[in-house]
Amino acid sequence: MKKIASKIVEISAQFLSIIGHPIFWPLYVSALYFDITNRYFLPQNKSFFLYYLFIVAIFIPLLFLAVLFYTKTLSGYQLNKPKERLLFSGIMAVVYFLIFKKLSRFHQFIELYPFFLGIFLAILSLAVYNYFNRKPSIHAMALGGSLSFLLIWSYYTQIDILNILIGLIITSVFILAARLYLKAHNFKEIAGGFFIGCLMQLVAFYIIWLYY
């Protein structure tokens, strides 16, 4: 019975790690933003951006990583080695630079500018850590960035999303606990990733409000 319970917990932890993977959070947050904002957008513009995000930020990177796994350039999907994470960071930095450039052409999406700039800055910070053989949690970085963006955006737009934030905090706790349970990271790496995600969103908001 204990063995079965342990197996269930392990499968649940793996499931949480997959659905909470950082590659998905920009799409989650963008879809949530379109749902809760009081700004009006043409439906085709929202659909175009979400489809674009899915293809460029999820499908293409996963395809590229699949090729790297097939050629045995990467040891596994967990990217346990800092140099493997450095390669992943480089790929995603290019991806999010292109996304931010594309997004900047749509002035009506200006409230999303800091979110995607913050992701780009966080990935650059992650690459620096990886270069020095450190591996802060990318899951924690994505969760910290998502929470920070929604919290700051809610404060300045005065849109009440307290229930959403509470739900996201609870979800984050479960996902990060799963990462600890699977021994993908230690507490220090989780805290470091979360801090990077939060800090880069603050920096991005400052840059966008300063220059836009």
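The values are calculated or read from the model by the stated rules, or taken from the named source; none is laboratory data. This structure is a prediction, so every number in the text was calculated from the model and none was measured. Positions of Cβ are generated from backbone atoms using ideal geometry, with glycine treated the same way; all protein chains shown enter the neighbour counts.
At-a-glance table
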| item | result |
| --- | --- |
| Single residue of I190, I169 found to be within 15 Å of the chain's Cα centre (by Cα) and closer than 14 Å to V29 by Cα | I169 |
| Condition check for H139: buried (at least 16 other Cβ atoms within 10 Å of the Cβ) and modelled with pLDDT under 90 | no |
| Residues that are loosely packed, with under 14 Cβ neighbours inside 10 Å and part of a helix (DSSP H, G or I), drawn from segment 39-49 | P43, Q44, N45, S47, F48 |
| So I159, is it over 27 Å from H185 (Cα atoms) and either surrounded by 18 or more Cβ atoms within 10 Å (Cβ to Cβ) or modelled with pLDDT of 90 or more (or both) | yes |
| Residue check, Y129 within 19 Å of the chain's Cα centre (by Cα), of a type outside the set (K, R) and in a helix (DSSP H, G or I) | yes |
| For K83: the one exception among (1) assigned to a helix (DSSP H, G or I); (2) surrounded by 14 or more Cβ atoms within 10 Å (Cβ to Cβ) | (2) |
| Meets criteria (in a loop (DSSP other than H, G, I, E, B) and either surrounded by 19 or more Cβ atoms within 10 Å (Cβ to Cβ) or small (G, A, S) (or both)) for K183 | no |
| Pairs with Cβ under 7 Å, 6+ apart, first in segment 2-15 and on the phi < 0 side of the Ramachandran plot and at pLDDT 75 or above, second among the small types (G, A, S) and in a helix (DSSP H, G or I) | A13/A178 |
| Residue in segment 182-190 that is polar (S, T, N, Q) and farther than 30 Å from V9 by Cβ present | no |
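Conditions tested, residue by residue: (1) over 20 Å from V95 (Cβ atoms); (2) touching a Pro at 6+ places or on another chain (Cβ under 8 Å).
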{"residue": "A122", "(1), (2)": "no, no"}
{"residue": "N130", "(1), (2)": "no, yes"}
{"residue": "R134", "(1), (2)": "yes, yes"}
{"residue": "I138", "(1), (2)": "no, yes"}
{"residue": "A191", "(1), (2)": "yes, no"}
{"residue": "A204", "(1), (2)": "no, yes"}
